Amino acid sequence: MTASPAPRSAAAIAGAVASGEISAEDIARAALDRINAADREIGAFTDLTRDRALAEAKAVDRARAEGRPLGPLAGVPYAVKNLYAISGLSTRAGSRISAADPPAREDALLVQRMTAAGAVLLGALNMGEYAYDFTGENAHYGPSRNPLDTTRMTGGSSGGSAAAVAAGFVPVSLGSDTNGSIRVPAAFCGLYGLKPTYGRLPRTGTFPFCDSLDHLGPFARSVADLARVYDALQGHDASDPVCAPRVVEPAAAAIAKGHEGLRIAVASGYFRADAEPGALAALDRAANALGATEEVDIPRAAEARAAAFLITNAEGSALHLERLRRRPADFDPDTRDRFLAGALLPASWYVSAQRFRRMFEHTMADLFRRHDVILAPSTPTSAPRLGQKTLSIGGKDVPLRAHMGIYTQPISFVGLPVAAVPVGAPGRMPYGVQVIAAPWREDLCLRVASSLEAAGLDNG
């Protein structure tokens, strides 16, 4: 495995900048130098915003010198998946077609919130075309390579977001998750990630994939950094019609409570089938660390995954119909074929999938009356080799790309909050565990994730 220098945490950087121990400009320059030196091998970035980064860093330093209050992310370098609008850049969304669009006039709202918190934007990150991807392999810009082993996938579609953090280029990044696009890369790259409740964070200024399933969220190397970024991102925005106005306890305060007193169960049945032994061993290690012995079967999870596929295909293809008509040759052929298949789905199937979604929401609500948190694997395997097309699990070969989301899709299907937690495997690539809670209870996800981090599971 290729070793990466561990970056200072976001919390440590913000503290050092606030105290004057180091300047935000020095931090930004060092991060940009690391990217220039090493990203050719990793492929995390598609755009660097060097001039902007240095201007933002200097503004933080001026504020400190003048005695003005600094934000909680003062001087912290970060980058965003290239479906977030960045003023002055075209929003690629992983595609050749949208890369030719006019530059964005303003930043996506979450980028604005990061700026307000004092963070320093270094650039835009590689991703699967139009977010329809689980591998991190982009036909137009090349693959994001896993910094733990550059012959392996990062996972997708937020592959660049995970690679940038795992490589030590930035301590935190922003991605998106429709069917697992934060949780899969977090598992493959050994990171923490947060997929908040559907509607918790506004998507204003981002390129959509599937409106009724799209979520935004952060990656980090620690739970404390994950919570710090999440707190900076929170807040209602009426321009995203699904963004719910809810007042919550700051996540950074919640994690100190740990998991004591929580009713934690481990998903069984569907969530223990079709996984390699290492993935199940990681789940068991997490359960043992928390003293969780109760198992819970989530009824009809396989149907939830199938319904999520239908909704994704139908809504995604509807968004891209005009592009499919005008410029079919400029799509990655695999992405194009998936969208074309979605365009041919009968409307009655989509309606049935949405009806089942309401039923499955009630099923999950019933489970969370008896349990505070449910643990499940993030993926059925650790990071596969780049270019790999199939997996062999349980003596059978299955398509790799479609199989990566079997444990994540039933959860995002009904918008539940999830903290992705890495579980190390000595001498092997890491695995991931999902910490799942009821809607609007990100605090519980982060409390349990913090306990698992304290148990040292991320180190193997």
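The values are calculated or read from the model by the stated rules, or taken from the named source; none is laboratory data. Every value quoted in this text rests on a predicted model; they were computed, and no experiment measured them. All Cβ positions, glycine included, derive from the backbone under ideal geometry; neighbour counts span all protein chains shown.
When you go through Leu321, Leu310, Leu345, Leu340 one by one, which is the residue that is outside any helix (DSSP H, G or I) and either touching a His at 6+ places or on another chain (Cβ under 6 Å) or outside the structural domain of Arg92 (by TED's automatic domain parsing) (or both)? Write out each step before concluding.
Details: Leu321 fails: outside any helix (DSSP H, G or I); Leu310 fails: outside any helix (DSSP H, G or I); Leu340 fails: outside any helix (DSSP H, G or I).
From the options Leu321, Leu310, Leu345, Leu340, the qualifying one is Leu345.
Please count how many residues of segment 120-141 are under 13 Å from the mean Cα position of the chain (by Cα) and aliphatic (A, V, I, L, M).
Qualifying residue count for the region: 3.
Residues checked against (1) hydrophobic (A, V, I, L, M, F, W, C); (2) at positive phi; (3) in a loop (DSSP other than H, G, I, E, B); (4) crowded, with 24+ Cβ neighbours inside 10 Å:
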| residue | (1), (2), (3), (4) |
| --- | --- |
| Ser212 | no, no, yes, no |
| Ala224 | yes, no, no, no |
| Ala227 | yes, no, no, yes |
| Asp237 | no, no, yes, no |
| Asp240 | no, no, yes, no |
| Cys243 | yes, no, yes, no |
| Val248 | yes, no, yes, no |
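Could you grab me the full set of residues in segment 41-62 that are in contact with a helix residue (DSSP H, G or I) (Cβ under 9 Å, 6 or more places away or on another chain) and part of a helix (DSSP H, G or I)?
Within segment 41-62, Ile42, Arg50, Ala53, Leu54, Glu56, Ala57, Lys58, Ala59, Val60, Asp61 qualify.
If you take the residues of segment 95-117 that are closer than 29 Å to Leu321 by Cβ and touching a Leu at 6+ places or on another chain (Cβ under 7 Å), which of them is surrounded by the most Cβ atoms within 10 Å (Cβ to Cβ)?
Step one: of segment 95-117, the residues closer than 29 Å to Leu321 by Cβ are 95-111.
Restricting the remaining residues to those that are touching a Leu at 6+ places or on another chain (Cβ under 7 Å) gives 103-104, 110-111.
Details: Pro103: 11, Ala104: 17, Leu110: 27, Val111: 23.
Only one residue fits best here, namely Leu110.
Within segment 357-364, is there a residue that is among the acidic types (Asp, Glu), surrounded by fewer than 18 Cβ atoms within 10 Å (Cβ to Cβ) and in contact (Cβ under 8 Å) with a residue 40 or more places away in the chain? Let's see the steps before the verdict.
So the first thing to find is which residues in segment 357-364 are among the acidic types (Asp, Glu), and the list is 361.
Add one more test, that the residue is surrounded by fewer than 18 Cβ atoms within 10 Å (Cβ to Cβ), and what stays is 361.
Still in the running and in contact (Cβ under 8 Å) with a residue 40 or more places away in the chain: 361.
Yes, there is a match, as at least one residue in segment 357-364 is among the acidic types (Asp, Glu), surrounded by fewer than 18 Cβ atoms within 10 Å (Cβ to Cβ) and in contact (Cβ under 8 Å) with a residue 40 or more places away in the chain.
Tell me, yes or no, whether segment 22-44 has at least one residue that is surrounded by fewer than 19 Cβ atoms within 10 Å (Cβ to Cβ), in the same structural domain as Leu148 (by TED's automatic domain parsing) and more than 20 Å from Gly123 (Cα to Cα).
Checked segment 22-44: at least one residue is surrounded by fewer than 19 Cβ atoms within 10 Å (Cβ to Cβ), in the same structural domain as Leu148 (by TED's automatic domain parsing) and more than 20 Å from Gly123 (Cα to Cα).
Test Ala79 against the criterion of being in the same structural domain as Ala139 (by TED's automatic domain parsing), in contact (Cβ under 8 Å) with a residue 40 or more places away in the chain and crowded, with 22+ Cβ neighbours inside 10 Å, and give yes or no. Give the derivation first.
On the way: in the same structural domain as Ala139 (by TED's automatic domain parsing): yes; in contact (Cβ under 8 Å) with a residue 40 or more places away in the chain: yes; crowded, with 22+ Cβ neighbours inside 10 Å: yes.
So Ala79 fits the description; yes.
Scan Ala63, Ala14 and give me the residue that is surrounded by 22 or more Cβ atoms within 10 Å (Cβ to Cβ) and at negative phi.
Working: Ala63 fails: surrounded by 22 or more Cβ atoms within 10 Å (Cβ to Cβ).
After ruling out the rest, the residue left standing is Ala14.
Within segment 92-134, count every residue that is of a type in the set (D, E, K, R) and either assigned to a strand (DSSP E or B) or touching a helix residue (DSSP H, G or I) at 6+ places or on another chain (Cβ under 6 Å) (or both). Step through it out loud before you land on a result.
Start the filter on segment 92-134 by keeping residues that are of a type in the set (D, E, K, R), which leaves 92, 96, 101, 105-107, 113, 129, 133.
From the residues that got through so far, the ones that are either assigned to a strand (DSSP E or B) or touching a helix residue (DSSP H, G or I) at 6+ places or on another chain (Cβ under 6 Å) (or both) too are 92, 96, 113, 129.
Selection size over segment 92-134: 4.
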